[in-house]
Amino acid sequence: WTISFHDQARNRIYRLNDKTAKLFVRPRGWHLPEAHILIDGEPATGCLVDFGLYFFHNHDKFRATQGAGFGPFFYLPKMEHSREAKIWNCVFERAEKFAGAERGSIRATVLIETLPAVFQMDEILYELRDHSVGLNCGRWDYIFSYVKTFQSHPDRLLPDRFLVGMTQHFMRCYSDLLVRTCHRRGVHAMGGMAAQIPIRDNPKANEAALELVRRDKLREVRAGHDGTWAAHPGLIPAIMEVFTSNMNNKPNQIQSAKREDADSITEEDLLQRPRGVRTMEGLRLNTRVGLQYLAAWLTGTGSVPLYNLMEDAATAEISRVQNWQWLRYG
């Protein structure tokens, strides 16, 4: 409880509040190596280093308090197949055995942020059945994955980035199927990230941004999601108001939003090409965001407010691959 940070450039000091959010540790994806640790002369697998260090240094506290509602919780990114979830399940079981913890003590939420994973959601939940708390829509990386998966298909060109939202048919179907899959299995379905940020020097623009967030979150809660994401803590009050007023004082919608209508979603629904135009302004915006984000990342900043949106690696990747896709196919 002593963690703090002094941002000298902006002369700001950040400290924990007395009451904090629960900590979900997000290990790296399976594809990333840990170059600083060699095993048999080869770089270690990054996510196993992340998991191992965190669990090793904290399992005594977790076991002593039986978790006390603080985990250990993990947030598993980048999966494309249930076999990756199966490996994680083996890791969790081995760690619990090592620590003398009860089976199922470790809990994980899986990000569904790749196109292949949306076809594996049931299987992913099955493999993690003793350790799963649910699935989460990773909407920005999902769009990037759509381009990456169909990179050799000129009939799959995306329109301008800001037209590829949750109202697009393939995105809405992805979200609805995730809710259906989770609630069938009795676990939580988490919504996607609202990328807007408060606009402190322009009340009118700030209210317009908050209204966009409210509409997005109202769509999510009505679709059956049990919770959601925000890019900035300043959005939390508006989001909480939408979810609280639409969930009938219940902690989740697992029983009340079964979404059986989503059983009719087909492969064609999940793969339907996004509709909309490609413009020169879209190309220029992608270029600006890509370059400005990369410049900030190189100086050590992982998420950057640009043009009243919080940009991160996922949105920078969309900007980059959209430009690549448009240039490739003229």
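The values are calculated or read from the model by the stated rules, or taken from the named source; none is laboratory data. A quick note: this is a predicted structure, and the numbers were derived from the prediction, not measured. Cβ sites come from the backbone with ideal geometry, for glycine too, and all protein chains shown count toward neighbours. Side chains included, ligands, DNA and RNA excluded: accessible areas come from the protein's heavy atoms. Shrake-Rupley method; radii C 1.70, N 1.55, O 1.52, S 1.80 Å.
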Inset, instruction - Tell me, please, whether a residue that is over 30 Å from residue 172 (Cβ atoms), of a type in the set (D, E, K, R), touching a helix residue (DSSP H, G or I) at 6+ places or on another chain (Cβ under 7 Å) and open to solvent by 60 Å² or more (accessible area, probe 1.4 Å) can be found in segment 68-86. - result: no
Inset, instruction - Any chance you could count how many residues in segment 93-129 are in contact with a Leu (Cβ under 8 Å, 6 or more places away or on another chain) and closer than 17 Å to residue 28 by Cα? - result: 5
Inset, instruction - Just need a number here: residues in segment 142-160 that are open to solvent by 30 Å² or more (accessible area, probe 1.4 Å) and assigned to a helix (DSSP H, G or I). - result: 6
Inset, instruction - Check every one of the helices (runs of 4 or more DSSP H) wholly within segment 211-330 and list those with 2 or more residues that are surrounded by 16 or more Cβ atoms within 10 Å (Cβ to Cβ) and free of Cβ contacts under 8 Å to residues at least 40 places away in the same chain. - result: 236-246, 280-298, 313-328
Inset, instruction - Kindly indicate whether residue 100 is at pLDDT below 95, within 17 Å of residue 52 (Cα to Cα) and either open to solvent by 10 Å² or more (accessible area, probe 1.4 Å) or among the aliphatic types (A, V, I, L, M) (or both). - result: yes
Legend entry - Residue tally, condition more than 26 Å from residue 31 (Cα to Cα), surrounded by 13 or more Cβ atoms within 10 Å (Cβ to Cβ) and among the small types (Gly, Ala, Ser), over segment 46-67: 1
Inset, instruction - Within segment 37-45, identify whether any single residue is surrounded by fewer than 13 Cβ atoms within 10 Å (Cβ to Cβ) and closer than 16 Å to residue 73 by Cβ, and answer yes or no. - result: no
Inset, instruction - Filter segment 1-18 down to the residues that are closer than 17 Å to residue 302 by Cβ, of a type in the set (A, V, I, L, M, F, W, C) and not in a strand (DSSP E or B), then identify the one that is most open to solvent (accessible area, probe 1.4 Å). - result: 3
Inset, instruction - Determine which member of the set 178, 135 is open to solvent by less than 10 Å² (accessible area, probe 1.4 Å), of a type in the set (A, V, I, L, M), part of a helix (DSSP H, G or I) and in contact (Cβ under 8 Å) with a residue 40 or more places away in the chain. - result: 178
Inset, instruction - Starting from segment 105-129, keep only residues that are of a type in the set (Ser, Thr, Tyr), then list their pairs with residues that are crowded, with 21+ Cβ neighbours inside 10 Å and part of a strand (DSSP E or B) whose Cβ atoms are within a distance under 6 Å, requiring at least 6 positions of separation or different chains. - result: 109/134; 109/136
